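Student: The structure that follows is given in the form of structure tokens.
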Amino acid sequence: MNIQTEIDSLSEKPSGNAKPFAEVVFNLPLREPFTYKIPPQLLGKVRVGMRVLVPFGRRRITGYVVNLTDKWDKPIRLKAIVELPDTEPIVSAELLSLTRWLGEYYQSSWGEAISAALPAGLDKAGYQLVKSVRLASSLPDEKEIERLLKRSPKQKSVFDLIRQKEINLPELQTRIPKSQAALRSLKEKQLVEVYTEKKVREAFVPENAMTQPFGASLTFTPEQQAIFKKLSLAIETEKFESFLLHGVTGSGKTEIYIRCIQRVLEKGKTAIMMVPEISLTPQTVERFRQRFGDRVAILHSGLSQTERYLEWKKIRDEKVSIAVGARSAVFAPFKNLGIVVIDEEHDSSYKQDSNPRYHARDTAVMRAQSLNAVVLMGSATPSLESAQNTRRGKYQYLSLENRIGERMLPIVSMVDMRRERKEFKNFAMLSGILRSAIRDRLSRKEQVFLFLNRRGTARFVFCTDCGYVLECAHCSVTLTFHGKEDRLLCHYCNFRARMPGRCVECHGEVIRFSGFGTQKLEEEVKKNFPDARITRLDRDTTRGRDSFAAMHRNMIAGKIDILIGTQMITKGHDFPNVTLVGVVHADLSLNIPDFRSCERAFQLLTQVAGRAGRGEVPGKVIIQTNNPDHYMFEFVREHDVN
């Protein structure tokens, strides 16, 4: 059964003859759904896509109804559904079908896939507990009420207000300030009662959100215009097509995304814009807000559970028409999806590391295919899978070869850190060449990025003389040193080896290398440039909600001279005054124990290099490495993706 046929079968409306059994799946690693009896009071109310509270072993848990049936012929006594948390299905037939495919394809359960498609903390975030006050269930006669309230005008005012309507306590305090004592007295006289109720949270959306005019568009280059014309034709046909847009950094891919989304909205459809988590900068969000106003919902992990739920609810209630978000945005509950855009489609953060281990890019392609929507994937460094799919004809290939304004790509140069140590006796993190370049940029009031991929701190072993890195004899993956066992270990095939005393290539001294963090780099930079205004950007320094936005404002205002960071500085930023990018210990990216390490190192270095020279001044990139002869660096130097 294909996905569209399955959607049709799951979309069956409830009939007059309510089916008495429900098949339920859970956020547990269980392959088959469990069948439950629908009690008489819930007959006709239970629908496919709803959450249900059911007994499971000795506890009660929440499950998802995936089918209703009138057949049960097994000699097993069925347990009954206890409660319905919602009055309407929270998962559409289309998303049920997508999650079923996802569970089967990625070898997880259907329930785990459904849970991944819903906002975290749906139970807690969807409702708020509100204390309200109402008249007591058994009131005395009017004369007795009058007698009880005769000596207290404040109590009478509160009672008269409650008599008009039930009211929550915050509203009561607003209407009649300092009414707590009067309310306590009314409770003691048994004239009113206070109760707690669950209220559905609602997000504020302006009434004219969907009719606001679009913001002004930027002028296209002829290259952009030709690509947009092809994409517009695909949008007009309303048939599934997938495109890979390969554009160098600074070539104007984002403006093409925005124009395509605008075209889809003009046709009365909706759009999903996916970006890697680290690209969800204030700059990215602000650009969409400026163009589309309040039509945009934002979905990412920086929001609280309640905020994520409210953004998700705005989408489900059709109060917005665009979802901008990270991996989970692929499940945005739009009913009339026209396009899915995946920026930086190569980024590894689109792959979830826990069950269900889905890839958001591939899931987006499947979803668009079932809905006859367009998929547009963009990157300056496309993944090998996507490149292969274009060769096979699965994706149409589009190319932006030039930067906006005919700006040149930055000049990339390598620094051999072995030579720094041998000839110049420089054992610091910064080479003499990089220090000199930083000093030059600071004297010209230009800004500098220093990049250190702290993710690559797996303890690999290399030779200080020749730069050789010890690899697995079977997998060609970097071996990781484990101190407790005093062994080198391959994390793929479990190959083990003793720590050698000398290099197997040149017989030079071998050292264990556990990487240097951004904090140590910051200390060294401050020591070398005491007058520079230096900011470090990593997970430790961006825990505050506004810290990322504050950095962005300070960079634009020219209040930062040197920005030091990890992958967080590689994407989603466009700072015209950054003219120098320095990559410290580029080998960290190259020697992660991962068979994709070379591909990902190339992508990462090309992306971070693309931060330089986006303004009028040409950019320069200096990459420090212990292995400058590695073939990957040659491709980075030439900006050669193909």
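Student: Do we have any residue at all in region 157-166 that's out of contact with any helix residue (DSSP H, G or I) (no Cβ under 7 Å at 6 or more places or on another chain), of a type in the set (S, T, N, Q) and surrounded by 12 or more Cβ atoms within 10 Å (Cβ to Cβ)?
Tutor: yes
Student: Hey, among Lys187, Lys154, Lys178, which residue is charged (D, E, K, R), touching a strand residue (DSSP E or B) at 6+ places or on another chain (Cβ under 8 Å) and not in a strand (DSSP E or B)? Full working, then the answer.
Tutor: Details: Lys154 fails: touching a strand residue (DSSP E or B) at 6+ places or on another chain (Cβ under 8 Å); Lys178 fails: touching a strand residue (DSSP E or B) at 6+ places or on another chain (Cβ under 8 Å).
Of Lys187, Lys154, Lys178, the one residue that is charged (D, E, K, R), touching a strand residue (DSSP E or B) at 6+ places or on another chain (Cβ under 8 Å) and not in a strand (DSSP E or B) is Lys187.
Student: Turning to a different aspect of this structure: Can you go through Ala18, Ala22 and tell me which one is small (Gly, Ala, Ser), at pLDDT 95 or above and farther than 26 Å from Met366 by Cβ?
Tutor: Ala22
Student: How many residues are assigned to a strand (DSSP E or B) and over 23 Å from the mean Cα position of the chain (by Cα) when one looks only at region 237-276?
Tutor: Counting residues in region 237-276 that are assigned to a strand (DSSP E or B) and over 23 Å from the mean Cα position of the chain (by Cα) gives 1.
Student: It is to be established whether one or more residues within region 611-619 are touching a helix residue (DSSP H, G or I) at 6+ places or on another chain (Cβ under 9 Å) and at pLDDT 90 or above.
Tutor: Within region 611-619, one or more residues are touching a helix residue (DSSP H, G or I) at 6+ places or on another chain (Cβ under 9 Å) and at pLDDT 90 or above.
Student: Does Gly111 satisfy being within 24 Å of Leu371 (Cβ to Cβ), outside the structural domain of Phe159 (by TED's automatic domain parsing), surrounded by 14 or more Cβ atoms within 10 Å (Cβ to Cβ) and not aromatic (Phe, Trp, Tyr)? If you could, list the steps in order and put the result at the bottom.
Tutor: Values: within 24 Å of Leu371 (Cβ to Cβ): yes; outside the structural domain of Phe159 (by TED's automatic domain parsing): yes; surrounded by 14 or more Cβ atoms within 10 Å (Cβ to Cβ): yes; not aromatic (Phe, Trp, Tyr): yes.
Considered against the rule, which asks whether it is within 24 Å of Leu371 (Cβ to Cβ), outside the structural domain of Phe159 (by TED's automatic domain parsing), surrounded by 14 or more Cβ atoms within 10 Å (Cβ to Cβ) and not aromatic (Phe, Trp, Tyr), Gly111 comes out as yes.
Student: Of the residues Arg533, Arg498, which is in contact with a Lys or Arg (Cβ under 9 Å, 6 or more places away or on another chain), surrounded by fewer than 17 Cβ atoms within 10 Å (Cβ to Cβ), at pLDDT 80 or above and within 16 Å of Gly565 (Cβ to Cβ)? Break it down stepwise before answering.
Tutor: Working: Arg498 fails: within 16 Å of Gly565 (Cβ to Cβ).
So the residue among Arg533, Arg498 that is in contact with a Lys or Arg (Cβ under 9 Å, 6 or more places away or on another chain), surrounded by fewer than 17 Cβ atoms within 10 Å (Cβ to Cβ), at pLDDT 80 or above and within 16 Å of Gly565 (Cβ to Cβ) is Arg533.
The rows are residues; the columns are (1) closer than 26 Å to Glu401 by Cα; (2) surrounded by fewer than 17 Cβ atoms within 10 Å (Cβ to Cβ); (3) at pLDDT 85 or above.
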site: Asn168; (1), (2), (3): no, yes, yes
site: Leu172; (1), (2), (3): no, no, yes
site: Thr196; (1), (2), (3): no, yes, no
site: Thr211; (1), (2), (3): no, yes, no
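Student: Inspect all residues belonging to region 325-337 and state whether any of them is part of a loop (DSSP other than H, G, I, E, B) and farther than 18 Å from Ile90 by Cα.
Tutor: yes
Student: Among the residues of region 480-491, are any exposed (fewer than 15 other Cβ atoms within 10 Å of the Cβ), at pLDDT below 90 and at positive phi?
Tutor: Yes, there is a match, as at least one residue in region 480-491 is exposed (fewer than 15 other Cβ atoms within 10 Å of the Cβ), at pLDDT below 90 and at positive phi.
Student: Taking the residues in region 33-51 that are in contact with a helix residue (DSSP H, G or I) (Cβ under 9 Å, 6 or more places away or on another chain) and not small (Gly, Ala, Ser) as candidates, determine which candidate is surrounded by the fewest Cβ atoms within 10 Å (Cβ to Cβ).
Tutor: Filtering region 33-51 for residues that are in contact with a helix residue (DSSP H, G or I) (Cβ under 9 Å, 6 or more places away or on another chain) and not small (Gly, Ala, Ser), the one surrounded by the fewest Cβ atoms within 10 Å (Cβ to Cβ) comes out as Pro33.
Student: Assess whether Asp86 counts as being over 25 Å from Val330 (Cα atoms), among the acidic types (Asp, Glu) and either surrounded by 13 or more Cβ atoms within 10 Å (Cβ to Cβ) or free of Cβ contacts under 8 Å to residues at least 60 places away in the same chain (or both). Before the answer, list the steps.
Tutor: Working: over 25 Å from Val330 (Cα atoms): no; among the acidic types (Asp, Glu): yes; either surrounded by 13 or more Cβ atoms within 10 Å (Cβ to Cβ) or free of Cβ contacts under 8 Å to residues at least 60 places away in the same chain (or both): yes.
No.
Student: Here's something else I'd like to know. Of the numbered conditions (1) crowded, with 19+ Cβ neighbours inside 10 Å; (2) within 28 Å of the chain's Cα centre (by Cα); (3) of a type in the set (A, V, I, L, M, F, W, C), Val415 satisfies every one except a single condition; which is it?
Tutor: (2)
Student: Test Gln352 against the criterion of being under 14 Å from the mean Cα position of the chain (by Cα) and over 19 Å from Gln607 (Cα atoms), and give yes or no. I'd like the intermediate steps shown before the answer.
Tutor: Details: under 14 Å from the mean Cα position of the chain (by Cα): yes; over 19 Å from Gln607 (Cα atoms): yes.
When the stated conditions are applied, Gln352 passes them.
Student: Quick check: is even one residue across region 113-123 modelled with pLDDT of 90 or more, more than 29 Å from Pro39 (Cβ to Cβ) and part of a helix (DSSP H, G or I)?
Tutor: Looking for residues that are modelled with pLDDT of 90 or more, more than 29 Å from Pro39 (Cβ to Cβ) and part of a helix (DSSP H, G or I), one finds at least one in region 113-123, hence yes.
Student: Which of the residues belonging to region 52-81 are of a type outside the set (A, V, I, L, M), surrounded by 11 or more Cβ atoms within 10 Å (Cβ to Cβ) and over 21 Å from Ala117 (Cα atoms)?
Tutor: Pro55, Phe56, Arg60, Thr69, Trp72, Lys79
Student: Give the residue that is modelled with the highest pLDDT, with candidates limited to residues of region 501-516 that are within 29 Å of Thr541 (Cα to Cα) and surrounded by 15 or more Cβ atoms within 10 Å (Cβ to Cβ).
Tutor: Looking only at region 501-516, we keep the residues that are within 29 Å of Thr541 (Cα to Cα), and these are 512-516.
Next, only the ones that are surrounded by 15 or more Cβ atoms within 10 Å (Cβ to Cβ) stay: 513, 515-516.
On the way: Phe513: 56, Gly515: 54, Phe516: 63.
By that ranking, first place goes to Phe516.
Student: With region 353-450 as the region, which helices (runs of 4 or more DSSP H) entirely inside it contain at least 3 residues that are in the same structural domain as Asp629 (by TED's automatic domain parsing), touching a strand residue (DSSP E or B) at 6+ places or on another chain (Cβ under 8 Å) and over 20 Å from Asp587 (Cα atoms)? Before you say what the answer is, go through the steps one by one.
Tutor: On the way: elements: 360-371, 384-391, 417-424, 432-443.
Where helices (runs of 4 or more DSSP H) fall fully within region 353-450 and carry at least 3 residues being in the same structural domain as Asp629 (by TED's automatic domain parsing), touching a strand residue (DSSP E or B) at 6+ places or on another chain (Cβ under 8 Å) and over 20 Å from Asp587 (Cα atoms), they are 432-443.
Student: For region 594-601, state whether one or more residues are aromatic (Phe, Trp, Tyr) and within 23 Å of the chain's Cα centre (by Cα).
Tutor: Checked against the condition, which is being aromatic (Phe, Trp, Tyr) and within 23 Å of the chain's Cα centre (by Cα), region 594-601 yields no hits at all.
Student: Moving on. Answer yes if at least one residue in region 436-446 is closer than 23 Å to Val583 by Cα, hydroxyl-bearing (Ser, Thr, Tyr) and at pLDDT below 90, and no otherwise.
Tutor: no
Student: So, Lys620, is that one surrounded by fewer than 18 Cβ atoms within 10 Å (Cβ to Cβ) and among the charged types (D, E, K, R) or not?
Tutor: no
Student: Can you work out which of the residues in region 64-109 that are within 20 Å of Leu30 (Cβ to Cβ) and hydroxyl-bearing (Ser, Thr, Tyr) is farthest from the chain's Cα centre (by Cα)?
Tutor: Residue satisfying both the conditions and the ranking: Thr69.
Student: Then there is this: Looking only at region 608-641, which residues are in contact with a His (Cβ under 9 Å, 6 or more places away or on another chain) and among the polar types (S, T, N, Q)?
Tutor: If the condition is that a residue be in contact with a His (Cβ under 9 Å, 6 or more places away or on another chain) and among the polar types (S, T, N, Q), then Gln624, Thr625, Asn626 are the ones that fit.
The values are calculated or read from the model by the stated rules, or taken from the named source; none is laboratory data. What you see is a predicted model, and the numbers here were worked out from it, not measured in a lab. Virtual Cβ from ideal backbone geometry, glycine too; neighbours counted across all protein chains shown.
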